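First the structure, in the form of structure tokens, and then the observations on it.
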Amino acid sequence: MDKYKSSRHEHVNAAYDANLDEPPHYEEASRAVRPSVVSAFGHDTLDRVPNIDFYRNAGSVSGQRAVRPSLQELHDVFQKGGRISVPDTVEDDSEESIETRSDDLESAVPIDDKKEAVKFGWIRGVLVRCMLNIWGVMLFIRLSWIFGQAGWGLGIVVIVLSCVVTTITCLSMSAICTNGVVRGGGAYYLISRSLGPEFGGSIGLIFAFANAVAVAMYVVGFAETVVDLLKEHSAIMVDPLNDIRIVGCITVVLLLGISVAGMEWEAKAQLVLLVILLVAIANVFVGTVIPATEEQKAKGIFKYNSKIFLENFTPDFRNGETFFSVFSIFFPAATGILAGANISGDLKDPQGAIPKGTLLAILITGLTYLGVAICVSACAVRDATGNITDLITPGVPCTGPAMAACELGYNFSSCAVEPCPFGLNNNNQMMTFVSGFGPLIIAGTFSATLSSALASLVSAPKVFQALCKDNIYKALHFFAKGYGKNDEPIRGYILTFIISVAFIVIGDLNTIAPIISNFFLASYALINFSCFHASYAKSPGWRPGYKYYNMWLSLLGALLCCVVMFIINWWAALLTYGIEFLLYIYVTVKKPDVNWGSSKQAVTFVSAVSNALSLSGVEDHVKNFRPQILAMTGSVRDRPALLDLANCFTKNFGLCLSCEIFVGPRSEALEEINASMEKNQLWLRKTKRKAFYTPVVCKDFRAGAESLLQVSGLGRMKPNTLLMGFKSNWRNSGTEMVQCYVGILHDAFDFEYGILILRMNHGLNMSHIVEAEEEMLKSAKEQQVLESDMMPNGGKSKGLFRKSRKPSQPVLMTRVSVCGPPPPQIAKMNEKLMEASVQFKNKQPKGTIDVWWMFDDGGLTLLLPYILTTRKKWKDCTLRIFIAGQPERSELDKEEMRSLLQKFRINCTDIIVIDDIHMPPSSE
């Protein structure tokens, strides 16, 4: 308790004179006049006009933070009659701040304009990129096959259902990305900043991997088209499957070269591909109105015909296909909605560009898919031989899907090897014949597949780099490094290339598509859930600029995504959930040192307040009583044994407050108390001690303890047991100190607290050891800075792997020798004190816990020892109870006590009756 005693100083305001009516005059500090302040107030003033720097994360990666004078600084200056100088920024180079500072992209300083980084608007950056990615491989290679299987009735359902899922996801994404600063990382950034690093870290890896696999899907689609052309010209290199692999690997190498060249080259390539694709799409519509030749009619291509259109309405699933399998093949085409969001770090205005560009892209591409599919459905039949001589055979009735074609004079009741318009007999059909000029469709197929592959090849490394920069997975931090003016993730490009080649070796488009569908749907589900969760939390910080969203619609979108995952492939869905769950558990256990103000924190706070309020309406009951400890530890590091014993009682199931009392004037203790708040709570978190640190400032120690006893806690969540150390120096202390100590015990009884007093042979207070350790660490850091300054390149190695230099042992020894070694007796006492301080943190040896229940003063005396025996560290200890009794009825007292313990369901190895407690003490 002596630690808390400090002398009281008279506090006089030197600047105040009661005899003067006018306010005191303060000399203004000389500083540069700020035009913004002068324009606002008409003269220069200490008051600052609103600035975004005053409301953002102070610990930015730049090490600079804007500062304003605190009230305490103003008080001190005015009382001393001095002047105040307010710097615009302050350099924060402390080791502690560097260690705790995270590479939070939200707090990162924007890229310097001098670097001339390429930034895109909403058309080139989002609209074009999303349209190219959505049109993709399905438009020319699979759309006719899908409508041939499902008919245009269910085919429309497939497209509309996909658009519904993506539109709801886009609305949720728009709300999230307009709720603050959006940096690089796309879907990962949105999810992690909304739901926290646990969900963000797990989905970030999955989403980056899905984009890498998507590169393989689109490239395989391109390679299939090339191999089909090689077949027509009899130019097969090895065999069709291996040719797809060879062409695919060569294509990925070329795309990698364009990506590594930079975003500017990639954007130019996308524009060229867009022009080709638009011409090819227009060519399809032109081909539907051009009169069909005899050769086209033989292959099932006619002009618009109502009978063909009606005939193609109903589904005609073949080869074991179903609606769900057809949907699973088409849905990856809709996954391109995040192509613009994935390069959010390269957009001029991501908050405005992402919603506008993505929604418009969904509308345009959805109408295009419907338009192309319906037009072709009205012009082509499902089955055709491709032979002009196959006319209607007299006397042979036409049935089934060939009915409309029979009426037009052609027999298509059997399908030959030649590909038919809907591709039911050949998965590689390209609708070549439903066009004005066939080669344009081939060019459109090339541009669609290559543009989608290029977009995914850029997206995967960007997302992965953002994940690695946040250092959630420390082993992946190697991939966080960027190169060039746009911070290009070259290492991520190489990793994506390797993954893509591995999946290209599979060579089957229908095998790859369902796999990545589940990965993308998992990302969509979490984006929708993020929007719902943030809205549900009702945090004041949730105020998105985009208002056209609904929390319940977002929840519906999340559920819809989960259902579609199982519809597409149930085992792949379970695998996706399993991987995400394992990654979630990993991040939760590792606890990365980041704080992004997630909705998870907001919901936790709302739930805590709601539960505390509901608990306040419930009266206490003996069955639910649990010890809530108010531990008088001082600083949390000064008396660790006291805190560890309290944790043995409360663990994760009760409240524990570690309290420190600062004695003296508030103005003198204010700075120290603010610093200790952060430092002590951080130490509790790092050492995994489940407690809250609560400091208080009062004129004397007893008054501080009385304040803590009265106001600690919230509602029913308040302490009911006071834990203190034994005052071992009571023989040498003055009367006032002893009265203060005993008075606190009386105050605790007055406020109906139970009291625990811990006495240890070697004492509890380790403050002198803690101070010595801090002094040594400080000197070691000073020496480390000195050594790094003396070394070339600031002590940093130029290689990929940098080794952190630890302070050398001679420096510590020198510092200790200067201070002088402690006497052997004191050193031995300190060693025993340190051993005793961790006594309750270690496993307890086999023995007994003696309970001296001399008087029936309540059940707390029995409850606390019983709680100890339920902990793993105390499981080898048994209870031995001492009670008071009469000499002639010792056995009866034992039986009564044993019966009482049986009712309490408390096991006890031995009960000892003290029968001479009433005897007066002897003179000896």
Of all residues making up the stretch 757-769, the number that are assigned to a strand (DSSP E or B) and open to solvent by 30 Å² or more (accessible area, probe 1.4 Å): 1
So residue 219, is it modelled with pLDDT of 90 or more and either in a helix (DSSP H, G or I) or within 22 Å of residue 550 (Cα to Cα) (or both): no
Residue count, the stretch 589-631 (criterion: closer than 30 Å to residue 866 by Cα, open to solvent by less than 80 Å² (accessible area, probe 1.4 Å) and either without any contact (Cβ under 8 Å) to a residue 60 or more places away in the chain or of a type in the set (S, T, N, Q) (or both)): 5
Answer from 708, 630 - the residue that is outside any helix (DSSP H, G or I), touching a strand residue (DSSP E or B) at 6+ places or on another chain (Cβ under 6 Å) and hydrophobic (A, V, I, L, M, F, W, C): 630
Members of the stretch 711-732 that are among the small types (Gly, Ala, Ser), open to solvent by less than 30 Å² (accessible area, probe 1.4 Å) and assigned to a loop (DSSP other than H, G, I, E, B): 712
Options 154, 190, 127; residue that is surrounded by fewer than 24 Cβ atoms within 10 Å (Cβ to Cβ) and within 17 Å of residue 353 (Cα to Cα): 127
Tabulated pairs, the stretch 656-674, first in a loop (DSSP other than H, G, I, E, B), second open to solvent by less than 60 Å² (accessible area, probe 1.4 Å), C-beta under 7 angstrom, 6+ apart or interchain: 664/6
Flag if residue 303 is charged (D, E, K, R), in contact with a helix residue (DSSP H, G or I) (Cβ under 9 Å, 6 or more places away or on another chain) and either closer than 27 Å to residue 362 by Cα or in a helix (DSSP H, G or I) (or both): no
Pick from the stretch 869-912, criterion over 24 Å from residue 651 (Cα atoms) and part of a loop (DSSP other than H, G, I, E, B), ranking: least open to solvent (accessible area, probe 1.4 Å): 885
Output for the stretch 562-617, where each listed residue is under 26 Å from residue 539 (Cα atoms) and outside any helix (DSSP H, G or I): 591, 592, 593, 594, 595, 596, 597, 598, 617
Scope the stretch 676-689; condition part of a loop (DSSP other than H, G, I, E, B) and either aliphatic (A, V, I, L, M) or within 23 Å of the chain's Cα centre (by Cα) (or both); matching residues: 687, 688
Test: residue in the stretch 222-242 that is surrounded by 24 or more Cβ atoms within 10 Å (Cβ to Cβ), in the same structural domain as residue 495 (by the TED database) and of a type in the set (Asp, Glu): yes
Near pairs, Cβ below 6 angstrom, 6+ apart or cross-chain, from the stretch 540-559 (in contact (Cβ under 8 Å) with a residue 12 or more places away in the chain and farther than 13 Å from residue 171 by Cβ) to any residue that is open to solvent by less than 60 Å² (accessible area, probe 1.4 Å) and in a helix (DSSP H, G or I): 542/534
Long-range neighbours under 7 Å by Cβ, at least six apart or interchain, first residue part of a helix (DSSP H, G or I) within the stretch 185-196, second surrounded by 24 or more Cβ atoms within 10 Å (Cβ to Cβ) and of a type in the set (Lys, Arg): 186/462
Test set (1) hydrophobic (A, V, I, L, M, F, W, C); (2) outside any helix (DSSP H, G or I); (3) surrounded by 24 or more Cβ atoms within 10 Å (Cβ to Cβ) - residue 542 fails condition number: (3)
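The values are calculated or read from the model by the stated rules, or taken from the named source; none is laboratory data. It should be emphasised that the depicted structure is a prediction, and the values quoted were computed from it without experimental measurement. Methodologically, a virtual Cβ is constructed for each residue, glycine included, from the backbone with ideal geometry; neighbour enumeration extends over all protein chains shown. We work out accessible area using only protein heavy atoms, side chains counted, and drop any ligands, DNA or RNA first. Shrake-Rupley method; radii C 1.70, N 1.55, O 1.52, S 1.80 Å.
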